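J.: Just passing along the structure, written as structure tokens.
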Amino acid sequence: MDSSPAHQATPPVSDRETRATIIVCVSCRDASGSDAHPRAGEKLAEDTRRAAAGAPVEIRTVECLGNCKRRLSASILSDGAWSYVFGDLAEDCGADLVAGARLLSGADDGLMPWRGRPDSLKRGLVARIPPPAILKDRP
Ligand code: FES
């Protein structure tokens with residue numbers, strides 16, 4: 001998890017920008033599996049846009065994040081930082097996603113801090129993906 005020693009050994013990413021992007025899957029269905037529109041994912045995207053008003057966070061949407069079995073899904077990206085994929089979100093998790101995006105874009109080490117991270121982004125963590133520039137196995 002995020003508090004592992006390997007995590008702490010990640011070198012700082014110094015040339016990052018402070019803006020983050022949240023990508024919400026608008027195709028995700030609610031627990032009923034209904035195809036009705038608006039889909040639960042669309043509602044989450046709208047809730048996220050509302051929560052992001054005035055914040056340095058861009059909201060984008062996608063048709064599928066390949067995380068369908070974990071229900072409502074979204075990802076958070078920030079230049080030079082690790083990217084995060086979340087599932088098991090709720091339609092009203094927009095503020096949580098924005099809080100996570102701001103935590104990530106403000107992190108000196110390019111990692112979303114565990115402390116202060118909304119519970120939905122702790123429970124719903126699916127994967128984190130490093131920015132290629134920090135990988136140590138490059139030739
Ligand atoms: S439909 Fe949302 S992750 Fe696949």
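The values are calculated or read from the model by the stated rules, or taken from the named source; none is laboratory data. Values in this document were obtained by computation on a predicted structure and should not be read as measured data. Each accessible area value is taken on the protein alone, full model and side chains, heavy atoms only, with ligands, DNA and RNA left out. Shrake-Rupley method; radii C 1.70, N 1.55, O 1.52, S 1.80 Å.
J.: Between Ala20 and residues 5 or more places away or on another chain, which pairs have amide H atoms under 5 Å apart, with H built 1.01 Å from N, and which residues are they?
T.: Hits under the 5 Å cutoff: Glu58.
J.: Residue-wise, which Karplus ³J(HN,Hα) couplings in Hz belong to segment 57-74, taking 6.51 cos²θ - 1.76 cosθ + 1.60, θ = phi - 60°, and x for glycine or proline?
T.: Whole-Hz 3J(HN,Hα) from phi for segment 57-74: 9, 9, 10, 10, 10, 8, 7, 6, 9, x, 10, 4, 5, 9, 6, 3, 10, 7.
J.: I want the antiparallel fraction of DSSP beta bridges within segment 17-129, as a percent rounded to 5.
T.: Here the share of antiparallel DSSP bridges comes out near 65 percent.
J.: For a quick check, take a GNM of the chain with Cα springs below 10 Å and name the residue from Ala99, Ala74, Ala55 with the largest mean-square fluctuation.
T.: Looking only at Ala99, Ala74, Ala55, the largest GNM fluctuation is found for Ala55.
J.: Sticking with this structure for a sec: Report, in degrees rounded to the nearest 10, the 0 to 90 angle that the Cα long axis of helix 40-51 makes with the longest principal axis of the chain.
T.: 60
J.: Report, to the nearest whole %, how much of the accessible area of segment 17-129 belongs to carbon and sulfur atoms, 1.4 Å probe, protein only.
T.: 48
J.: Using only alpha-carbon positions, what ratio does the radius of gyration of the chain give when scaled by 2.2 N^0.38 Å?
T.: Against the compact-globule rule of thumb, the ratio is 1.04.
J.: Taking the alpha-carbon centroid of each part, what is the distance from segment 15-73 to segment 94-133 in angstrom?
T.: 15
J.: Return the calculated 222 nm mean residue ellipticity for the chain, to the nearest 500 deg cm²/dmol, obtained by summing -39500 (n - 2.57) across DSSP H runs with n ≥ 4 and dividing by the residue count.
T.: -6500 deg cm²/dmol
J.: Where a Cα-Cα gap under 19 Å defines reach, which lysines qualify for Lys122, not counting those fewer than 8 residues away within the same chain?
T.: Filter leaves Lys69.
J.: Could you give the accessible area per residue of segment 17-129, probe 1.4 Å, as a whole number in Å²?
T.: Ligands and nucleic acids excluded, the figure is 49 Å² per residue.
J.: Quick one: what are the phi-derived ³J(HN,Hα) couplings along segment 87-96, Karplus 6.51/-1.76/1.60 with θ = phi - 60°, whole Hz, x for glycine and proline?
T.: Each residue of segment 87-96 in turn: x, 6, 7, 10, 4, 9, 8, x, 5, 5 Hz.
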